[in-house]
Amino acid sequence: MRSEHDVFISYAHIDNEPLPLSEEGWISFFDQCLRVFLRQYFGRDISVWRDPRLESNSIFADEILDNLRKARVLVAVLSPRYIKSEWCLRELQQFKDLIQQDQLDRIGNISRIFKVEKLPIDAYPSELDFLSE
């Protein structure tokens, strides 16, 4: 698995809608904070990829899956909408399959999939079951 991105942020677009009197959404703010934190932690720039709504002439699925294959880790931003989104769960499953196929699903004893709970959810998607093993 070839890595060009340190982090791939998987999220539901509705979770990035700006609140009143705000110019950016929660995901955009989280992305900025994560980049700063990781740059400070590692002492270098970190490559973070997320889909900020691709141009209308982009082939949506191909662009996302191509960047997913190039990521070292996936950060899944969980919310009620995320766990109802077929596409979000597909990203999560695809990344899980890729890293398990290469037997690179962990770095030491740390999973390459991180979950961030933006909002409370009733139950984790089955694609995250392996995190509790």
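Annotations for the structure displayed:
- Residues in the range 2-21 that are farther than 22 Å from Asp66 by Cα, assigned to a loop (DSSP other than H, G, I, E, B) and modelled with pLDDT of 90 or more: Glu17, Pro18.
- Check on Glu24, open to solvent by 20 Å² or more (accessible area, probe 1.4 Å), farther than 19 Å from Ser111 by Cα, modelled with pLDDT of 85 or more and in contact with a Pro (Cβ under 8 Å, 6 or more places away or on another chain): yes
- Looking only at the range 43-62, residues that are farther than 22 Å from Asp15 by Cα, at pLDDT 90 or above and not aliphatic (A, V, I, L, M) come to 3 in all.
- Test: residue in the range 22-38 that is without any contact (Cβ under 8 Å) to a residue 12 or more places away in the chain and among the basic types (Lys, Arg): no
- Across the range 64-109, the number of residues qualifying as open to solvent by 80 Å² or more (accessible area, probe 1.4 Å) and either part of a helix (DSSP H, G or I) or in contact with a strand residue (DSSP E or B) (Cβ under 9 Å, 6 or more places away or on another chain) (or both) comes to 8.
- Of all the residues in the range 113-125, those that are at pLDDT below 90 and open to solvent by less than 20 Å² (accessible area, probe 1.4 Å) number 1.
- Phe30 hydrophobic (A, V, I, L, M, F, W, C), farther than 21 Å from Tyr82 by Cβ, at pLDDT 95 or above and part of a helix (DSSP H, G or I): no
The values are calculated or read from the model by the stated rules, or taken from the named source; none is laboratory data. Not measured: the values here are computed from a predicted model. Glycine also receives a Cβ, built like all others from the backbone with ideal geometry; neighbour counts cover every protein chain displayed. These area figures cover heavy atoms from the full protein model, side chains too; ligands, DNA and RNA do not enter into them. Shrake-Rupley method; radii C 1.70, N 1.55, O 1.52, S 1.80 Å.
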